[in-house]
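The values are calculated or read from the model by the stated rules, or taken from the named source; none is laboratory data. Keep in mind the model is a prediction, meaning the values are calculated, not measured. Don't worry about glycine lacking a Cβ; one is built from the backbone with ideal geometry, like all the others, and counts go over all protein chains shown. Only protein heavy atoms, including side chains, enter the accessible area calculation; ligands, DNA and RNA are left aside. Shrake-Rupley method; radii C 1.70, N 1.55, O 1.52, S 1.80 Å.
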Amino acid sequence: MKYCGWSTLLKLLVLQCFTILCVVSKEFDFYYFVQQWPASYCDTKKSCCYPVTGKPQEDFGIHGLWPNNNDGSYPTECDSNNTFDYSKVVDLTSSLQENWPTLACPSAFGLKFWGHEWEKHGTCCETYLDQHSYFAYALQLKEKANTLQSLVAAGITPTDGKHYTLNEIKGAIKEATGFTPWIDCNKDVYKNHQLYQVYMCVDKTGLGFIECPVFPHGPSCGNAIAFPSFSATSVATI
Ligand code: 5GP
Ligand code: 5GP
């Protein structure tokens, strides 16, 4: 009897620790809101495939909204019981197609990309944003950030053959939004550095930009950063 009491107590303790660990592993401090420049995704060695709905507009597309911690670590795949359910975001379809297009091959509609983002990153902030809010808030953040217009206003236009410095790009976004972004560069087929992704930090509510508590690490952008045109691009393998 005495032994049974202790064993139950022990089981309860283990269960409680497990619950605490689960909750802790889901915690995070802020989000990275990450947008990608389609021409820079497409003009690499890997190339790209346009969505089945057609070539996206010449604008940044959303990559994802990623919970992150102040120490640089981040949780992923936090709830396998909360898989992506398209019926929960079906009302956002046209906006998702326009602003969150998938460029991976083979050509797809977008459900796989959106589902991946929800399951890998979104489930880690499900206590703040349910599936509908996760996508709706990301769409709102894109509108608020207005990144292409921030760059164009500073004379940074997507033009083949033109190059910009990291300070010019970061300065233009800081000037327009009030917040310093992180710029992720990749290389085109000729190994030129180019503007690939823009990271902005967002508070836990998902509503407002903040100064980044910590910046990601990434490869150097070099001294001359290309910003390739997408309207002129015709490299996709459909
Ligand atoms: P993450 O960077 O969020 O960890 O993973 C992105 C995943 O989504 C990869 O498996 C990638 O192949 C897939 N994916 C589908 N479409 C796109 C796209 O347009 N851009 C990026 N970056 N990844 C995409
Ligand atoms: P600093 O702290 O002097 O601004 O930058 C330190 C290093 O990080 C430098 O090599 C600089 O080029 C790099 N760096 C600064 N900001 C960014 C950025 O937004 N993206 C990338 N890829 N590198 C950056």
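Binning every alpha carbon pair distance of the stretch 147-199 at 10 Å from zero, what are the percents per bin?
Each 10 Å bin holds this share of Cα pairs: 25, 58, 16, 1.
Share of the chain's accessible area from carbon and sulfur, percent, 1.4 Å? Don't jump to the answer; show the numbers that get you there.
Details: 7200 of 12320 Å².
After summing per-atom areas, the C and S share lands at 58 percent.
Note down the accessible area of Cys221, probe 1.4 Å, to the nearest 10 Å².
For Cys221, the solvent-accessible surface is approximately 10 Å².
Do the sum for the chain: with -39,500 (n - 2.57) for every DSSP H run of n ≥ 4, divided by all residues, what is the mean residue ellipticity at 222 nm, to the nearest 500 deg cm²/dmol?
After summing the helix terms and dividing by residue count, I get -10500 deg cm²/dmol.
Determine the dipole magnitude for the stretch 166-219: charges of +1 sit on the beta-carbon of Lys and Arg, -1 on that of Asp and Glu, nothing else is charged, the reference point is the Cα centre, and the result goes in debye to the nearest 20.
Around 120 debye, computed over the stretch 166-219.
Restricting to Cα atoms and excluding each atom paired with itself, what does the Kirkwood estimate give for the stretch 63-127 in Å?
Taking every pair of different Cα atoms in the stretch 63-127, averaging 1/r and inverting gives 12.8 Å.
Determine the order of Tyr74, Tyr128, Tyr164, Tyr196 by accessible area, beginning with the largest, at a probe radius of 1.4 Å.
On the way: Tyr74 130, Tyr128 100, Tyr164 15, Tyr196 40 Å².
Of Tyr74, Tyr128, Tyr164, Tyr196, the descending order of accessible area is Tyr74, Tyr128, Tyr196, Tyr164.
Taking the Cα centre of the chain as origin, sum charge times position over the Cβ atoms of Lys and Arg (+1) and Asp and Glu (-1), and report the length of that vector in debye to the nearest 20. The partial results should precede the final answer.
Numbers: 17 positive and 23 negative charges, 99 e Å.
Taking the Cα centre of the chain as origin, the dipole is about 480 debye.
Give the dimensionless ratio obtained when the Cα radius of gyration of the stretch 130-237 is divided by 2.2 N^0.38 Å.
1.14
Counting residues in the stretch 30-69 as N, plug N into 2.2 N^0.38 Å and put the Cα Rg over that result.
On the way: Rg = 12.3 Å, N = 40, 2.2 N^0.38 = 8.9 Å.
Working it through for the stretch 30-69, the quotient is 1.38.
Remind me, what semi-axes does the chain give for its equivalent ellipsoid, largest first in whole Å, using sqrt of 5 times each Cα gyration tensor eigenvalue?
On the way: eigenvalues 287, 85, 51 Å².
Working from the Cα gyration tensor, I get semi-axes of 38, 21, 16 Å.
With a 1.4 Å probe and all protein chains kept in place, how do Tyr199, Tyr190 rank by accessible area, largest first?
Numbers: Tyr199 25, Tyr190 180 Å².
If we order Tyr199, Tyr190 from most to least accessible, we get Tyr190, Tyr199.
Order Phe30, Phe215, most accessible first, counting only protein heavy atoms with a 1.4 angstrom probe.
Phe215, Phe30
Once Lys and Arg get +1 and Asp and Glu get -1 on their Cβ, which of His63, Leu148, Leu92 lies farthest toward the positive end of the dipole of the chain?
It is His63.
Using all Cα-Cα distances in the stretch 24-136, what percent lands in each 10 angstrom bin from 0 up to the longest?
Percent of pairs per bin, in order: 14, 43, 32, 10, 0.
Considering the dipole of the stretch 56-203 built from charges on the beta carbon (Lys and Arg +1, Asp and Glu -1) around the Cα centre, which of Tyr74, Thr127, Tyr190 is farthest to its positive end?
Of the listed residues, the answer is Tyr190.
For the chain, what proportion of DSSP beta bridges, expressed in % and rounded to the nearest 5, is antiparallel?
95 percent
When the Cα centres of the stretch 60-135 and the stretch 176-201 are compared, how far apart do they sit, in Å?
21 Å
Ranking request for peptides 79-89, 134-144, 105-115: highest mean number of other beta-carbon atoms within 10 Å first, then the rest in descending order.
Packing order, densest peptide first, comes out as 134-144, 105-115, 79-89.
Per residue, how much accessible area does the chain show when a 1.4 Å probe rolls over the protein heavy atoms, in square angstrom?
Accessible surface, normalised per residue, equals 52 Å².
Determine the alpha carbon to alpha carbon distance for each of Lys144/Lys174; Lys45/Lys187; Lys120/Lys174; Lys88/Lys144; Lys55/Lys120; Lys46/Lys187 and list only those over 18 Å.
From the list (Lys144/Lys174; Lys45/Lys187; Lys120/Lys174; Lys88/Lys144; Lys55/Lys120; Lys46/Lys187), the Cα-Cα distance tops 18 Å for Lys120/Lys174; Lys88/Lys144; Lys55/Lys120.
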